[in-house]
1. Could you grab the pairs with beta carbons closer than 6 Å, sequence gap of 6+ or different chains, first residue in region 118-147 and over 18 Å from Thr168 (Cβ atoms) and aromatic (Phe, Trp, Tyr), second one part of a helix (DSSP H, G or I) and modelled with pLDDT of 90 or more?
2. Pull out all pairs, ordered by first then second residue, where Cβ-Cβ is under 8 Å, the residues are six or more apart or on different chains, the first lies in region 150-172 and is without any contact (Cβ under 8 Å) to a residue 40 or more places away in the chain, and the second is of a type in the set (S, T, N, Q) and part of a loop (DSSP other than H, G, I, E, B).
3. Has region 113-134 got any residue that is over 23 Å from Ala226 (Cα atoms), out of contact with any strand residue (DSSP E or B) (no Cβ under 6 Å at 6 or more places or on another chain) and acidic (Asp, Glu)?
4. Taking the condition closer than 24 Å to Glu52 by Cβ, among the charged types (D, E, K, R), free of Cβ contacts under 8 Å to residues at least 24 places away in the same chain and part of a helix (DSSP H, G or I), does Glu98 pass?
5. Going by what's in this entry, would Arg27 be described as modelled with pLDDT under 85, exposed (fewer than 10 other Cβ atoms within 10 Å of the Cβ) and not in a loop (DSSP other than H, G, I, E, B)?
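The values are calculated or read from the model by the stated rules, or taken from the named source; none is laboratory data. Please read these numbers as outputs of a predicted model, since none were measured by experiment. No Cβ is skipped: glycine too gets one built from the backbone with ideal geometry, and neighbour counts run over all protein chains shown.
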Amino acid sequence: MSSWVCFLCLPFSRSGLLQRRRKWRERLKAFQDREVASPQEIYKTLPAWKREPVRVLSLFGDIGKELTSLGFLEPGSEAGRLRHLEDVTDIVRRDVEEWGPFDLVYGSTPALGHACDHSPGWYLFQFHRLLQYARPRPGSPQAFFWMFVDNLQLTGEEQAIAARFLETEPVILQDVRGSALQNAVRVWTNIPAVKSRHSALASEEELLLLAQDGQRGTLPAQGPSALVKNCFLPLREYFKYFSQNALPLYK
């Protein structure tokens with residue numbers, strides 16, 4: 001199958017006979033606003049005896065270690081409970097439907113200091129594409145969750161696009177040691193109760209400086225999964241977890 005690319009994502013106003021219309025961004029936003037049916041859905045929690053092990057699609061970043069430490073996965077757990085993909089260029093809807101169904105879809109931009117095979121926006125758009133493939137059919141009672149983590153790679157314009165496409169604003173999670181900001185991520189998710197634990201959030205200027213330090217390699221190149229790990233704790237109200245592996249609920 002040949003690879004495809006969105007014409008509007010290219011840095012040129014013309015491609016062959018195709019030419020962008022004036023105010024195409026405003027037209028696209030107006031179209032999407034008309035298509036949005038409802039805000040984020042809140043699912044009812046399940047009694048313990050009804051909870052099943054979570055089925056996870058992890059894109060670009062592997063969260064298997066974090067989910068195992070929280071008790072959602074057992075070491076050597078049944079194949080198919082977590083599917084990790086780095087290259088999704090040729091993945092189509094049929095593939096996702098054959099692997100699924102999934103209860104949680106996770107994706108992220110590359111960690112600061114790591115080489116990127118694509119532009120940061122590519123990871124956002126590919127996540128959104130596969131997220132649509134993984135969603136349950138309309139009317140399904142299945143609880144379905146997703147999370148996209150930006151490791152300070154997206155531009156301001158791309159952040160606005162993410163908020164529009166994912167239909168929610170990001171939450172900033174920070175790693176603060178003393179008074180020094182060590183790391184931070186932006187998180188878009190429908191997981192309940194995900195919010196910043198810090199009363200004073202870093203300014204955009206501080207986040208920009210942090211990102212620049214990371215690109216120069218002056219910060220540890222750690223992935224975002226360590227910062228978002230505890231964001232998965234509310235999922236214990238919906239899915240089975242193995243207490244012998246799990247951390248205390250509110251640690």
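1. Cβ pairs passing all conditions: Tyr133/Arg93; Tyr133/Val96.
2. Val171/Ser196; Ile172/Ser196
3. Checked against the condition, which is being over 23 Å from Ala226 (Cα atoms), out of contact with any strand residue (DSSP E or B) (no Cβ under 6 Å at 6 or more places or on another chain) and acidic (Asp, Glu), region 113-134 yields no hits at all.
4. Considered against the rule, which asks whether it is closer than 24 Å to Glu52 by Cβ, among the charged types (D, E, K, R), free of Cβ contacts under 8 Å to residues at least 24 places away in the same chain and part of a helix (DSSP H, G or I), Glu98 comes out as yes.
5. So Arg27 does not fit the description; no.
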